[in-house]
Each structure stands twice: as structure tokens, then as C-alpha cells.
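Colleague: Next up is a structure, given as C-alpha cells.
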């Protein structure tokens, strides 16, 4: 445990369930559902008492823990289970916790239970702000209105929200990316996790990319370091620009997304001729829009060990 990177952040990772009932085309779950078809119940829940006991045993053993991270894909799927968990967690565990879940599992009751039990943050997937891409290409069925409503509900109840977003999705164009940026801006989550789409073998979206000749012979280390797709709808430079400037423009739209400034922001984001220049000044732009984060990032590059130590001291 002490050797795990998450332990250095004071995090205990716990998984309360097995399996996901959804079939997002970029994910492995639809393949796992085929592999385990006919072999019993695919989505399985540990008992609430079993999960609570694991946490209770771990806390005194690892005294540096600051919060619990429940990493389930669909933590809030069973509303009865969630209610029992929240009631028992509040009584038996005093440590803050965070969960991954889906927009369609969160309503006023569930959000209230989570907050009362000590949940400090929920993470939800948006992936794309374009309804057609989200439904037809990613097989994720929710509306922008639902996304915005639920995230705002969480914020109103005192829950922080992290959203998951992708750029460079098959058949996406730069205008579609801007839609995703704007959904985040209007919903106003606390944090936005942005990655560049990667076609993992044996997923449905990988097959679609193969059929359309999108995959080029290029190796990428992570889903933050470039795209392996070559498609007419969006260029590699547009993908890189979208990834780098996603959070910056989401913040700008949140602050200045009213007429006529919103139209000016549209023109800047969609102007391909500006992208190269904007990428060159990205560190400066980030510091201007996010002064505290920007200064920390730059100092982290120069004094990595000292800045991490300082951050840990501040968080404690």
C-alpha cells in the first residue's frame, strides 16, 4: 500500500461493485458482457457492511489517508444500496469520500444522501457536448439539459463535480468540441478532466475507426499526448489545440459567455489560423486565466520535489 502512488496523495481506493450495464463504444464493458454472458449476474454489488468493514480496517492501518475514492463505474446505480451505504457510512466512518457515477443516477435524494454522508466530490462523464456524437457514436444517452441540470444540482447541494470529456472523437469537428466546452461552461463543474480519444483494440469504436481508415501508424504514450487518428473532419493540430485550450475557453465562456463577447470567443476558438500562435503562448494564457494553477504548474517544472512537498503540507 505504501508503494502505491495514490497513498502519497492520501487516497484509499475502494471498489464496491463489479460490472457495468452500459455499452459505451470506446470502453471495454461491451466486450466483457459478451465474455461473461450466461455465467451469472453481470453487475454485482458487495454488501454495504462488507465495503464499510474494508474501509474501517484500512483507516487505522494507514494513518496518512485523507479521503476514500470509490472507483466504481456506476456507484449510484442501485438507489436502495446507495441509501443504506450513506446511512451506515455516516455513522461508522468520519472520512470524506468521492465517487464515480453517471448523470442519470443522480437526483435530489441521492445527492442529498451523498452530501450528508460525507461525500465531497462526484465524477461524471460528459465526453461530448454534441448530442448526435454522444448518442450515435459513443452510445451514451443523456441530454445536455440533463447534464447541466444535474451538475448544477450537485453544486447547489455542496458537492464538488469533476467532468470527463474527450476531444478527437471519430467524425468530430472543431465546432463539436466547442459544444463540449460550452456544456462544461454552462454547467460550471469544479474540475474538467480532458483526454484525447484513443481507439483501443476490440472496442466498437476501434472497429469503426478501422472501417473508415482513420487509424494511422503512430504510437502515443498516453491519452494526453496526441491522436492516432487521421480524419477529414478534424486535423491533428485542431485536436491538440482543443485539448490544450479546453479548460481555458470553458472558463472564459463561464465568465464572459454573454452577447457579444460569446461571439468573439466563438470566432477565436474556431479560427484555425490562430491555433498555432495560441499554442505557442499557452503557458501564458493558462497563467492569465488560472493564475494560481498556472504559477503552481510552472514552479512544479522548476522545483518538482519542493512544490509537491509544499502542496502536501497545504492539503494537510
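Colleague: Being within 18 Å of the chain's Cα centre (by Cα), buried (at least 21 other Cβ atoms within 10 Å of the Cβ) and part of a helix (DSSP H, G or I) is true for just one of 181, 122, 161, 194. Which residue is that?
Modeller: Exactly one residue qualifies, and that residue is 181.
Colleague: Listed residues 106, 32; which is out of contact with any strand residue (DSSP E or B) (no Cβ under 6 Å at 6 or more places or on another chain), surrounded by 13 or more Cβ atoms within 10 Å (Cβ to Cβ) and outside the structural domain of residue 135 (by TED's automatic domain parsing)?
Modeller: 32
Colleague: Identify, from the list 221, 267, the residue that is out of contact with any helix residue (DSSP H, G or I) (no Cβ under 6 Å at 6 or more places or on another chain) and outside any helix (DSSP H, G or I).
Modeller: One residue alone meets the criteria, 221.
Colleague: Within segment 285-311, track down each residue that is surrounded by 12 or more Cβ atoms within 10 Å (Cβ to Cβ) and closer than 20 Å to residue 255 by Cβ.
Modeller: Residues satisfying the conditions are 285, 286, 287, 289, 290, 293, 294, 295.
Colleague: So, of the residues in segment 221-245 that are in contact (Cβ under 8 Å) with a residue 24 or more places away in the chain and more than 15 Å from residue 172 (Cα to Cα), which turns out to be surrounded by the most Cβ atoms within 10 Å (Cβ to Cβ)?
Modeller: If we take residues in segment 221-245 being in contact (Cβ under 8 Å) with a residue 24 or more places away in the chain and more than 15 Å from residue 172 (Cα to Cα), then 245 is surrounded by the most Cβ atoms within 10 Å (Cβ to Cβ).
Colleague: Among residues belonging to segment 65-81 that are more than 21 Å from the chain's Cα centre (by Cα) and surrounded by 14 or more Cβ atoms within 10 Å (Cβ to Cβ), point out the one that is nearest to residue 163 (Cα to Cα).
Modeller: 78
Colleague: Which one of the conditions (1) over 22 Å from residue 186 (Cβ atoms); (2) in a helix (DSSP H, G or I) does residue 245 fail to meet, given that it meets all the rest?
Modeller: (1)
The values are calculated or read from the model by the stated rules, or taken from the named source; none is laboratory data. Being a predicted model, the structure only gives us computed values, none of them experimental. Reconstructed Cβ throughout: ideal geometry from the backbone, glycine too, with neighbour counts over all protein chains shown.
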